[in-house]
Amino acid sequence: MRMKKKNISVKSRVEDSDGAFMINEEVGHHEINEDYDTNDLSSNVDSDEDVRDNKRHFSKYRAEDMTKGFKFRLGMEFKSLEEFKSALQEHSVLNGKEVRFVKNDLKRVRAICKKGCGFVIMASKVGSSQTFRLKTLVGHKCGRAFGSKSASVEWIAQVLVDRFVNVGGMTVIQIIDEIKKSYSVGITHWKAGRAKKIAMDSLVGDGERQYARLYDYVAELLRVKAGTLKIKANQPQPTLQPRFGSLYMCLEGCKEGFLGSCRPFIGVDGCHLKTSYGGQLLIAVGRYPNDQYFPLAFAVVETECKDTWMWFLT
Ligand SMILES: [Zn+2]
């Protein structure tokens, strides 16, 4: 691990509301951890408008180089402000970091880590050109924010699964908008479409597997005498696979709790289940002495009707 520390002229160092240190870009305080290569670093990286120094080699950023292992380097040049911002955002997503812009104008952009770990990155305009050059860089010291989602398509898919109930009903444009709104990340149509497919596969696939295992689940609960359970499967023709009909569950603990401490009063209601398989949930609740609801029994049925209520209540 290489450490390089330079304190040239500390002009201001303030603690903002998040407890993050915002370091003035003229401050030559560059503490670079092993994430960043310091080989080509010379000492005048803090002179903001220094464009006369042509002796140094400034590496040009290329968008196709952006991967999880990509390393920003001091002096790196970006074709435009947009290119720098999208590089930073992509890099943050890939590495499970969240950054926010504390300065964002046409000449200079500075971002810090949302966790306030000390990460600072600042790029500013080179003279009158459109080029932006990296002038300040302090690496992250925080951990990953999203586990080990390595590629952005998988990461977006995970976001969709975690945050949205109705992924199947979302258009590609909506996905792009939501990701932009929540993570300040612009994604392509292709990525959004791929992510949606992965998210749907994981949601629908899981649902199918879980229905298939329902019999085993009920059998196990009955084996350990966990409560009263009923499961009904439909098999209109012997040649067809049985299909899930209804499930009733009243756990022993709920029954005992109700009989032992609740008023002799049961409320019943039903609601639609918003999954790709539909169905309705019927539930019976009691009120416990603290006047809160006490779940007693529930059933998942195809539709809420007299028959299913009778099946539920008997
Ligand atoms: Zn950080």
| query | Of (1) touching a strand residue (DSSP E or B) at 6+ places or on another chain (Cβ under 9 Å); (2) farther than 20 Å from residue 301 by Cβ, residue 223 satisfies all except one. Which? | reply | (1)
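The rows are residues; the columns are (1) among the aliphatic types (A, V, I, L, M); (2) touching a residue at least 60 places away in the same chain (Cβ under 8 Å); (3) under 22 Å from residue 310 (Cα atoms).
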site: 208; (1), (2), (3): no, no, no
site: 229; (1), (2), (3): yes, no, yes
site: 235; (1), (2), (3): no, no, yes
site: 247; (1), (2), (3): yes, no, yes
site: 250; (1), (2), (3): no, no, yes
| What are the residues in region 117-140 that are crowded, with 18+ Cβ neighbours inside 10 Å, part of a loop (DSSP other than H, G, I, E, B) and within 11 Å of the ligand (Cβ to nearest atom), if any? | 119, 139, 140
| task | Output the residues belonging to region 222-243 that are exposed (fewer than 11 other Cβ atoms within 10 Å of the Cβ), in a loop (DSSP other than H, G, I, E, B) and not polar (S, T, N, Q). | result | 224, 225, 236, 238, 240
| request: Can you run down the residue pairs with Cβ atoms below 7 Å, 6 or more apart or on separate chains, where the first is in region 164-178 and under 14 Å from residue 191 (Cβ atoms) and the partner is of a type in the set (A, V, I, L, M)? | output: 172/192; 175/160; 175/192; 175/195; 176/187; 176/192
| message | So, in region 261-275, how many residues would count as being under 14 Å from residue 299 (Cα atoms) and either among the charged types (D, E, K, R) or in contact (Cβ under 8 Å) with a residue 40 or more places away in the chain (or both)? | response | 2
| When only residues in region 281-314 that are within 17 Å of residue 264 (Cβ to Cβ) and touching a residue at least 40 places away in the same chain (Cβ under 8 Å) count, which is surrounded by the most Cβ atoms within 10 Å (Cβ to Cβ)? | 297
| query | Which of the residues spanning region 244-297 are in a loop (DSSP other than H, G, I, E, B) and touching a Gly at 6+ places or on another chain (Cβ under 8 Å)? | reply | 262, 263, 265, 266, 273, 275, 276, 277, 288
| said: With the requirement that a residue be under 29 Å from residue 169 (Cβ atoms), of a type in the set (A, V, I, L, M, F, W, C) and out of contact with any Phe, Trp or Tyr (no Cβ under 8 Å at 6 or more places or on another chain), what does region 241-281 give you? | reply: 247, 271, 273
| remark: When region 94-116 is checked residue by residue, the ones that are within 14 Å of the ligand (Cβ to nearest atom) and out of contact with any helix residue (DSSP H, G or I) (no Cβ under 7 Å at 6 or more places or on another chain) are 95, 96, 97, 100, 102, 112, 113, 114, 115, 116
| remark: Pairing a residue in region 47-76 that is under 14 Å from residue 88 (Cβ atoms) with any residue that is at pLDDT below 55 and among the acidic types (Asp, Glu), where Cβ atoms lie under 9 Å and the two sit 6 or more apart in sequence or on different chains, gives 71/35; 71/37; 72/35; 73/37; 73/40
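The values are calculated or read from the model by the stated rules, or taken from the named source; none is laboratory data. Computed from a prediction, not measured in an experiment: that's the story for all the values here. In this analysis, Cβ positions are derived from the backbone assuming ideal geometry, glycine residues included, and neighbour counts consider all displayed protein chains.
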